[in-house]
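The values are calculated or read from the model by the stated rules, or taken from the named source; none is laboratory data. Small disclaimer: the values here were computed from a predicted structure and weren't measured. Quick reminder, even Gly has a Cβ in these numbers, built from the backbone with ideal geometry, and neighbours come from all protein chains shown. Note: accessible area is taken over every heavy atom of the protein model, side chains too, but ligands, DNA and RNA are not part of it. Shrake-Rupley method; radii C 1.70, N 1.55, O 1.52, S 1.80 Å.
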Amino acid sequence: MEPHNHSSLAEFVLLGFPRVGHIRGWLFVLLLLAYLFTICGNMLIFLVIRLDAALHTPMYHFVSILSFLELWYTATTIPKMLANLLSDKKTISFSGCLLQTYFFHSLGASECYLLTAMAYDRYLAICRPLHYPAIMTPMLCAKMAAGCWTCGFLCPISEVILVSQLPFCGYNEIQHIFCDFPPLLSLACKDTSINVLVDFAINAFIILITFLFIMVSYGRIIGTVLKIKTIAGRKKAFSTCASHLIVVLIFFGSIIFMYVRLKESYSLTLDRTLAVVYSVLTPLVNPIIYSLRNKELIKAIKRTIFRKGERANPTQH
């Protein structure tokens, strides 16, 4: 069936950040700097881990994949936000809106699964150190990473199909900073209770199950760490997973309030605030958290920079 039979709207208007007025330029600069830092920071971590043989371990393998994922995660929303801040015409096509929603949720679901895989890796390393090398092999790491991406990109398909079948026949202004399921459902001129129920079931399964698994893993990790007799030993053991736990709490803390709720009415201010947290703030702080709290990664970055400097000046000794 043709898409035009389902929707009389060819495009939507993304209102983005309303009532910014004269600070629009400053907001653009701030968002642009955040995006550039996110791109540079995550790209640096990804390349350093791939180039430095000392970091070719399962833990850093997953960190590099997370950084690579964040590059695409931010690319689905922030460039359009920047364009809308400069343009008076803040439109996005119907198909473009659905594609943005699909890729944003696919990459978000992939991140949920990836953070769970990272928690399992830390659980094995701390709670079962003798079996860790035999269990967490390069082949298993590759399979887990592939599974995270595959499951992530399969999850939102049913939601996108259901939304694409809804009629949008009037008001076309999306009260959000990017296309997403909740604001799209509020524009449909048809009962969307089935869509809300499906969204809730899928989001609750992905978000709550993965978050529960992560918390159980860290519960066992903390229990094992507390059994270590020396303070230095406990500090060393927990330092390997502290960065990951901080990222988990920031990311899941925002998306749980945003997506695990069974209702059709939404607080626009709260939604925009939470959207900024999980779409801009989390990818921005990830490189900071992983680099500042990880001495081994900082050393690897310095080794990589100095090695490139030596190659650029081969005659200097």
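Residues of segment 251-283 being among the hydrophobic types (A, V, I, L, M, F, W, C), at pLDDT below 80 and not in a helix (DSSP H, G or I), which ones? Step through it out loud before you land on a result.
Quick first cut of segment 251-283, residues among the hydrophobic types (A, V, I, L, M, F, W, C) only: 251-252, 255-258, 260, 262, 268, 270, 274-277, 280-281.
Narrowing the set further to residues that are at pLDDT below 80 leaves 262, 268, 270.
Leu262, the sole residue that qualifies.
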Quiz item: Is there a residue in segment 124-137 that is open to solvent by 10 Å² or more (accessible area, probe 1.4 Å), out of contact with any helix residue (DSSP H, G or I) (no Cβ under 8 Å at 6 or more places or on another chain) and among the hydrophobic types (A, V, I, L, M, F, W, C)?
Solution: yes
Practice problem: Can you confirm whether segment 28-40 contains a residue that is open to solvent by 20 Å² or more (accessible area, probe 1.4 Å), closer than 29 Å to Val248 by Cβ and in contact with a Phe, Trp or Tyr (Cβ under 7 Å, 6 or more places away or on another chain)? | Solution: no
Quiz prompt | In segment 57-78, residue modelled with the lowest pLDDT [restricted to those that are of a type in the set (A, V, I, L, M) and open to solvent by 30 Å² or more (accessible area, probe 1.4 Å)] | solution = Met59
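When only residues in segment 286-303 that are buried (at least 17 other Cβ atoms within 10 Å of the Cβ) and part of a helix (DSSP H, G or I) count, which is nearest to the chain's Cα centre (by Cα)? It would help to see each step written out before you state the result.
Taking segment 286-303 first, the residues buried (at least 17 other Cβ atoms within 10 Å of the Cβ) are 286-287, 289-291, 294, 297, 300-301.
So of that shortlist, the ones also part of a helix (DSSP H, G or I) come out as 286-287, 289-291, 297, 300-301.
On the way: Asn286: 10, Pro287: 13, Ile289: 15, Tyr290: 15, Ser291: 18, Leu297: 21, Ala300: 24, Ile301: 23 Å.
Top of the filtered list is Asn286.
Could you tell me which of the residues Tyr120, Tyr102 is under 25 Å from Ile246 (Cβ atoms), in contact (Cβ under 8 Å) with a residue 40 or more places away in the chain and open to solvent by 20 Å² or more (accessible area, probe 1.4 Å)?
Every option except Tyr120 fails the conditions.
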Exercise. Select from segment 80-92 the residues that are in contact with a helix residue (DSSP H, G or I) (Cβ under 9 Å, 6 or more places away or on another chain) and open to solvent by 50 Å² or more (accessible area, probe 1.4 Å) and write down the one among them that is nearest to Glu173 (Cα to Cα).
Key: Lys80
